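Remarks on the structure that follows.
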Amino acid sequence: MNKFRLSLLFILFLQSYQAWSYSESCQLVAQMAGNKEYKQQPLRVATISHPSEIPAEWNLSLIEQHGAWSIFQTNQAWFLKETCALLTKRNEANGRNIEFMPVLLNKMTGSNAVITGAFIVKTYRTRDLEKVMQRYGFKALSPLPNPQSMIVDVKPTKSYDLLIRALDRDKDVELALPLLSEPRK
């Protein structure tokens, strides 16, 4: 493993000890992603639904698109302290549900980073990975070269912040890192 990756893992591991308390929505996700690089955006939401599918009465302003994601500005926070997770709203006009994800701001690039609900989870022992996945109901997305690690889908969950706090306290989990979707520059 190169020195950069080892340093990054060490920094993220040290940050996990700070994950005991939080006061704002998505604060622990931003902390785990890197407080110097990311900032919570309580008035922003992201969806893969086309902007034309968003009802006007929701008062959302399109501010950015990257890949399949449309990032919108809201008039009030949709994600509260303990609800930093996938949010489903029903479009009454067509009877369809639209899923929204919370957003962080990458302070270095000025771009919006969507919290996708995928995490890298690393356990202390290889045999504990399956136990942790079952304990929390994670779905495997992709194995990683390290047999103690896996990219997992953590949805559905009430809050990514609450999940990070629980994983931080779990004796079998060494690292839980949220994966973000943001444009490449």
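Bear in mind that the values in this text are calculations on the coordinates, not laboratory data. All values reported here derive from a predicted model rather than from experimental measurement. No Cβ is skipped: glycine too gets one built from the backbone with ideal geometry, and neighbour counts run over all protein chains shown.
Here are some pairs, Lys122/Lys158; Lys39/Lys139; Lys139/Lys171; which of them have Cα atoms lying more than 24 Å apart in this structure? All intermediate terms of the calculation are to be shown ahead of the outcome.
On the way: Lys122/Lys158 21 Å; Lys39/Lys139 27 Å; Lys139/Lys171 20 Å.
Long pairs (Cα-Cα over 24 Å): Lys39/Lys139.
With an 8 Å Cα cut-off and a minimum separation of 6 or more residues, compute the relative contact order for the chain in percent.
About 24 percent, as a whole number.
Name the long-range amide H neighbours of His66: under 5 Å, sequence gap of 5 or more, or other chain; modelled H, no Pro or chain starts.
Amide H neighbours of His66: Ile71.
At what distance in nm do the modelled label points of Ile63 and Lys81 sit from each other, each positioned 7 Å from its Cα along Cα→Cβ?
It is 2.4 nm.
What span do the alpha-carbon atoms of segment 34-141 cover on each of the three principal axes, reported in whole Å from largest to smallest?
Cα spread of segment 34-141 along its principal axes, largest to smallest: 50, 37, 27 Å.
Among all the aspartates and glutamates, which ones have a C-alpha under 13 Å from Lys89's C-alpha, if same-chain residues fewer than 8 places away are not counted?
In chain and number order, the partners are Glu53, Glu57, Glu99.
Highest mean first, what order results for 113-122, 169-178 on Cβ atoms within 10 Å? Intermediate results must be reported in sequence, preceding the final value.
On the way: 113-122: 22.8, 169-178: 18.3.
Result, highest mean Cβ count within 10 Å first: 113-122, 169-178.
Subtracting the Cα-Cα distance from 0.36 nm times the residue separation, let me have the gained length for Lys131 to Ser23 in nm, one decimal.
Numbers: separation 108, 0.36 × 108 = 38.88 nm, distance 3.03 nm.
This chain segment gains 35.8 nm when fully extended.
Send over the semi-axes of the chain's equivalent ellipsoid, whole angstrom and largest first, taken as the square roots of 5 times the C-alpha gyration tensor eigenvalues.
Largest first, the chain gives 29, 18, 15 Å.
Give me the percent relative contact order of segment 79-185, please, defined on Cα pairs under 8 angstrom at least 6 residues apart. Show your work: numbers first, answer last.
On the way: 191 pairs, mean separation 34.3, N = 107.
So the answer I get is 32 percent.
Any idea what the relative contact order of segment 119-164 is, in percent, if you count C-alpha pairs under 8 Å spaced at least 6 apart?
Answer for segment 119-164 is 40 percent.
Each residue of segment 42-48 in order: what ³J(HN,Hα) in whole Hz does its phi give by Karplus 6.51 cos²θ - 1.76 cosθ + 1.60, θ = phi - 60°, with x for Gly and Pro?
Going residue by residue, I get x, 9, 10, 9, 10, 8, 9 Hz, with x marking Gly and Pro.
Run the dipole for the chain about the Cα centre, Lys and Arg Cβ at +1, Asp and Glu Cβ at -1, nothing else charged, and hand back the magnitude in debye, nearest 20.
Here the size comes out at about 480 debye.
Return the ratio Rg/(2.2 N^0.38 Å) for segment 106-155, where Rg is computed over Cα atoms only.
Working: Rg = 13.2 Å, N = 50, 2.2 N^0.38 = 9.7 Å.
Cα-based Rg divided by the globular estimate yields 1.36.
What nm distance separates the two modelled labels at Asn97 and Leu179, each placed 7 Å from Cα along Cα→Cβ?
2.2 nm
Treating the angle as unsigned and between 0 and 90°, give the value, to the nearest 10°, between the Cα long axis of helix 3-16 and the longest Cα principal axis of the chain.
80 degrees
Of the candidates Thr123, Thr88, Thr157, which one comes out as most mobile in a Gaussian network treatment of the chain with C-alpha springs shorter than 10 Å?
Of Thr123, Thr88, Thr157, the Gaussian network model singles out Thr88 as fluctuating most.
Per the Kirkwood formula on distinct C-alpha pairs, the Rh of segment 23-86 is how many angstrom?
12.7 Å
Using alpha carbons only, how many degrees (0 to 90, rounded to 10) separate the axis of helix 160-169 from the longest principal axis of the chain?
Roughly 10 degrees, rounded to the nearest 10.
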